[in-house]
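Report on the following structure.
The values are calculated or read from the model by the stated rules, or taken from the named source; none is laboratory data. Computed from a predicted model, the values in this text were never measured in an experiment. Note that we place each Cβ from the backbone using ideal geometry, even for glycine, and neighbour counts take in every protein chain shown.
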Amino acid sequence: MLKNYLKIAWRNLLKNKIFTLANIVGLTCAFAVAILLTMTALFELSYDQFHENKDSAYQLYLSNQTPRGPEISVSNPVPLAPALKEEVAGIKHIARSVSEDVLITYNSKELSLDAEYVDPSFFDIFTYPTLMGNSKNPLPNNNSVGITEKGAKKIFGTTDNVIGKTVSLKIGREEQPFTIASVLKDAPSNSSVDFEIVVPFETHPEYLSSKDRWDSQFHPIYLQLEKEVTVAQFEKNTIPFTALHYKGGIESDIRDGAVPDADGRYKQFHLMPITDRHFASYTTGAAKVDRVFPLMILGIAFVIIFIVSANFINMNIALGEKRLKEIGMRKTLGAIKKQLFFQFWLESLFVFALSLLMGMVISNLLLNPFKTLFNTKASFADVIQPGVVILFGLAIFIVTLIAGGYPALLMSKLGTLRALKGKMEVGKNRLRNSLIVLQFAIAILLITGTLVLHGQIEFMRNKDLGYNKEQVISIPLNGKKNGYSVVELLRDELKNNPDVLSVSGADNNLGKGRDGSLSSSMMGFDYKGRGVVTNALTVDFDYAKTLDLQLVAGRMFNRDFATDSLSLVINESMAKQLGEEDPLSITIPMDDNVTYSVIGVVKDYNFQDISRKIQPLTLFMNKDWDLYYAYVKVAPKNIAKSFDAIKDAWEKVEPQAEFLGSFLDENVDRTFKREKTMATIITSGSILGILLSCIGLFAISMLVVAQRTKEIGVRKVVGASVSSVALLLTKDFLKLVGIAFVIATPIAWYFLNEWLQNYASHVSLSPLFFIGAGLLATFIAFVTVGTRTVKAASANPVKSLRTE
Amino acid sequence: MLLQLNNIFKWVNSGGQRIFLLKDINLEVEEGEFISIMGPSGSGKSTLLNVIGMLDAFDEGEYNFLDESVHDLKEKHRANLYKEYIGFVFQSYHLLDELTVQENLEMPLIYKKFKGSERKAMVADMLDRFSIVGKKDLFPAQLSGGQQQLVGIARALISNPKLILADEPTGNLNSKQGEEIMELFKQLNEEGVTIIQVTHSEKNAEYGSRIINLLDGRMV
């Protein structure tokens, strides 16, 4: 019997070539894409799940009630971790950790490695196993470092016999020798902490100077709780600790008008589960764990499967009409409902299995381009676990059961005589229409999302950031020389090049450079009895000139003034915060009884991520401090040539260090990589969604036209014109798109509005986005359906009537 | 007695009115009979045939088939009954286009759960009997109308039914092909198969041993 079913199924599939092709192509694409998207989403969700202690490991954060509102800080002072361990019950292990690049030298080979400065218990909390060397404690003393396979290959070219070798690291301004004590496995790609070398925390350049300082905060803290201790208990345990150690801060916050939280406290330690860390954001003043991105990807995968399933159901029901005779005949020959259901379901199963198989092959082939395009490190190996595979199999089975089973059920239920006469129950179009409406609602939703997302990206890209990003190159100063002297040397090298307009430097980058590092530096002080917080930036001469910053008042740092190391330039936000009528009269006493005076005010510019509001900023110029980035402004012409000239100059100045210079507009683009990835996913999702919906619509329009051949013939015989008939047929479909538009628009508006709230400045959600999406969907539907209907309408009526 | 219809009524409600399709039909059929049902279009011929074939339900009356009360049976049992004892022949043949002659013949046997080897033997027998061995691998579309109807009858006969129900079996055929089919029916009848046919043609009706005339759902 099975053989007979398969034979019939195969021949039927061959007979309805167009529909079979439409179904199989659609399902294959959908499965391939759904597999890739699911993989990406599962990979994202698997972040930090590999730690054996993931259920008891946490990151510490402090919520502060400040005069400016609630703020969250994950940066902690150096003495905090030992004090916590000493004074607060419930901590099993606690570790400090800082991610930084470090310059490593071995034999005359010099390169920069991604380093993690950690306390030894870091390895008790987290699962980063060693390959060679001491597995219990990869960092036995403060003269040893652990290196990963990747790092070892970079510096030694091999992982063999590297234990015991001595390398030197540039710690602060000095080079120090360290012994390789262990080789670690590379951190998994779904680890939110990635490193190539681990260095003892106590050798960090800031460690000694900050050892007993509670006001200098620069590193995160991770901890593992004792088994029987809950998060709530721990947080409660920290209350007296906080009151004691943060007394000064709390008092000045109260003085400046901070409002306590619901529990009446000003500072409270909290724990973020380590598995939530990748999804946590603290920008709004509260810890927010947000898995929207992976869930959205899963959602798109689901939606795509839904669209093809809807196509499959629609086409199979419509095609069933052609098979009514067969159903009837089989019934008169003694087939019972169950047998018919099984037969038709088997046919669906066959198509699904075939498509799934091809989908798997295609997703495998597309894996690499997909990873590049969507900027993910996901791989099948990371995702394929028994549980996931079973779940995925179950999902596919359910989809097959519903999409394949529903038409089968419908057909097997038909009465024998009805089937023989070739009449299907009327009213079944309701399901078909609802499915089409849903498909198009989804398509419109995705199109709107695509338009708004691209709108926002364009908005951010074209926004005037307040500085010149097209003509300025920033170069990370990753060599051994002191920053100020490198900038000076570069200035010297480039001074005869007419295309190089100006050279300067700062201790922070604008946007995200090719070194991939983002940092911010904040400081606070009391000004006239109020606490003031500002971002701090150390710069070199010509900073404003190089970046085309506009001065609102006063002047920039100038070589002609010897005292400029005690001068400050502030931005407008800072001036507003200080609240003086004449900002140039401000003098600020800072630590060590040094008094700085403000000499200029620059117009606000986006020195941080564009999604953020412009915060107060203070510029310093002190040759005793360091610069980490050089900025070079070039003339608008010969840009490529100037870039090469700068590279050459760099190689003369820092022959050992790699040149990582890039234009600021590239840097800015890099900061919204996430948005771009999201845009790529949504755009491809909506294109695929539309395409698949159109395949379905096309097939349905073909069938509907075939069903109404007689009606078309009659209408034409009594005098209807081609255009009126075509309009009549098309109208029905466009009505469905209209309903879809009405359903989709409010939903799209709601979600996009929510999403745009994440950006301090964003595009306005103009109706044009929605109208555009609606028109686009209508146009696509019109083209899809129109070709069939016009053809049917212009056919000779005599011919169409004869077929009856 | 093969089957018995007592006071069978069938109606539909249309616009508040009850329209009778069959009205007080009483009929007894003995094994070995060859009955022709005649009447103008819309007189209820096909409906009566469908009721006898258990493809269609009736609203009132009793129907006994081989001592089973059909009106009391559930659908599944009814299906078993007609699967076992009744073969259908249609005006438009109703062969499955996707299956070859051989496979079309095999299909009823599949639903009766015959084994593969038995099915093969029975199909081969039937092909032989109707001299269509050479056509066994052709699809219906490759045959003439007469040949298709031949296959249709062979399919109806393959599971050895007691009763063949034929709804205008020659309606789509030319006169020569029609005559051949009627000759075949006559021969089958002589071999012991009971046949009930619906026909428009006086000439074809003459092949039967008894003629039933219907008018507006009534026997006249």
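Computed quantities for the displayed model
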item	result
Criterion violated by A:I104 - all others in (1) in the same structural domain as A:E149 (by TED's automatic domain parsing); (2) crowded, with 20+ Cβ neighbours inside 10 Å; (3) under 30 Å from A:L373 (Cα atoms) satisfied	(3)
Pairs with Cβ under 8 Å, 6+ apart, first in the range B:110-124 and more than 13 Å from chain A (Cβ to nearest Cβ), second part of a loop (DSSP other than H, G, I, E, B)	B:M122/B:F114; B:M122/B:I158
Residue match in the range A:498-508 (condition: in the same structural domain as A:K647 (by TED's automatic domain parsing), in contact with a Pro (Cβ under 8 Å, 6 or more places away or on another chain) and in a loop (DSSP other than H, G, I, E, B))	no
Total residues in the range B:112-121, condition surrounded by fewer than 18 Cβ atoms within 10 Å (Cβ to Cβ) and assigned to a helix (DSSP H, G or I)	5
Number of the condition not met by B:L49 [criteria: (1) more than 10 Å from chain A (Cβ to nearest Cβ); (2) part of a strand (DSSP E or B)]	(2)
Per-region count, the range A:286-308, residues under 29 Å from A:G696 (Cβ atoms) and of a type in the set (G, A, S)	2
Residue ranges of helices (runs of 4 or more DSSP H) in the range A:1-101 with at least 3 members more than 14 Å from chain B (Cβ to nearest Cβ) and in contact with a Leu (Cβ under 6 Å, 6 or more places away or on another chain)	A:17-45
Qualifying residue in the range B:194-209 (condition: crowded, with 16+ Cβ neighbours inside 10 Å and within 14 Å of chain A (Cβ to nearest Cβ))	no
A:A635, sole failed condition from (1) modelled with pLDDT of 85 or more; (2) within 34 Å of the chain's Cα centre (by Cα); (3) of a type outside the set (S, T, Y)	(2)
Which numbered condition B:S69 misses (of (1) buried (at least 20 other Cβ atoms within 10 Å of the Cβ); (2) among the hydroxyl-bearing types (S, T, Y); (3) more than 14 Å from chain A (Cβ to nearest Cβ))	(1)
Residues satisfying the stated conditions in the range A:745-763, i.e. within 23 Å of the chain's Cα centre (by Cα), among the hydroxyl-bearing types (S, T, Y) and more than 15 Å from A:I457 (Cβ to Cβ)	A:Y750
Within the range A:661-722, helices (runs of 4 or more DSSP H) holding 1 or more residues that are under 30 Å from A:T38 (Cα atoms)	A:664-671, A:673-707
Test result for B:E28, under 19 Å from the mean Cα position of the chain (by Cα), surrounded by fewer than 13 Cβ atoms within 10 Å (Cβ to Cβ) and modelled with pLDDT of 90 or more	yes
Every residue from the range A:453-472 that is among the charged types (D, E, K, R) and either in a helix (DSSP H, G or I) or in contact (Cβ under 8 Å) with a residue 40 or more places away in the chain (or both)	A:E458, A:R461, A:K463, A:K469, A:E470
Hits in the range A:629-648 - residues which are in a loop (DSSP other than H, G, I, E, B) and under 19 Å from A:E493 (Cβ atoms)	A:A635, A:N638
Candidate set from the range B:52-66 (those that are at the interface with chain A (Cβ under 10 Å from one of its Cβ atoms) and crowded, with 18+ Cβ neighbours inside 10 Å); member that is farthest from A:T332 (Cα to Cα)	B:D56
In the range A:542-571, the residues that are in a loop (DSSP other than H, G, I, E, B) and either outside the structural domain of A:L510 (by TED's automatic domain parsing) or of a type in the set (A, V, I, L, M) (or both)	A:L549, A:M556
Tally, over the range B:82-103, of residues that are more than 9 Å from chain A (Cβ to nearest Cβ), over 16 Å from B:P161 (Cβ atoms) and outside any loop (DSSP other than H, G, I, E, B)	2
Residue among A:L340, A:L420, A:L414 that is within 14 Å of another protein chain (Cβ to nearest Cβ) and in a loop (DSSP other than H, G, I, E, B)	A:L414
Any chance A:I72 is in contact with a Gly (Cβ under 9 Å, 6 or more places away or on another chain) and at pLDDT below 90	yes
Positions within the range A:185-213 being assigned to a helix (DSSP H, G or I) and touching a helix residue (DSSP H, G or I) at 6+ places or on another chain (Cβ under 8 Å), in sequence order	A:F201, A:Y207
A:N368 farther than 30 Å from A:E658 by Cα and of a type in the set (S, T, N, Q)	no
Failed criterion for B:V133 (all others in (1) crowded, with 18+ Cβ neighbours inside 10 Å; (2) of a type in the set (V, I, T); (3) more than 9 Å from every other protein chain (Cβ to nearest Cβ) hold)	(1)
Exclusive hit being within 14 Å of chain B (Cβ to nearest Cβ) and touching a His at 6+ places or on another chain (Cβ under 9 Å), set A:K325, A:K331	A:K325
For A:F352: the one exception among (1) closer than 19 Å to A:V389 by Cα; (2) within 12 Å of chain B (Cβ to nearest Cβ)	(2)
Considering residues of the range B:57-112 that are at pLDDT below 85 and aromatic (F, W, Y) only, the residue farthest from the chain's Cα centre (by Cα)	B:Y111
Any hit, the range B:151-170, residues being exposed (fewer than 14 other Cβ atoms within 10 Å of the Cβ), touching a helix residue (DSSP H, G or I) at 6+ places or on another chain (Cβ under 8 Å) and outside any strand (DSSP E or B)	no
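Let's see how each residue does on (1) under 20 Å from A:K637 (Cα atoms); (2) part of a helix (DSSP H, G or I):
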| site | (1), (2) |
| --- | --- |
| A:L451 | no, yes |
| A:S474 | yes, no |
| A:V487 | no, yes |
| A:L510 | no, no |
| A:D515 | no, no |
| A:G524 | no, no |
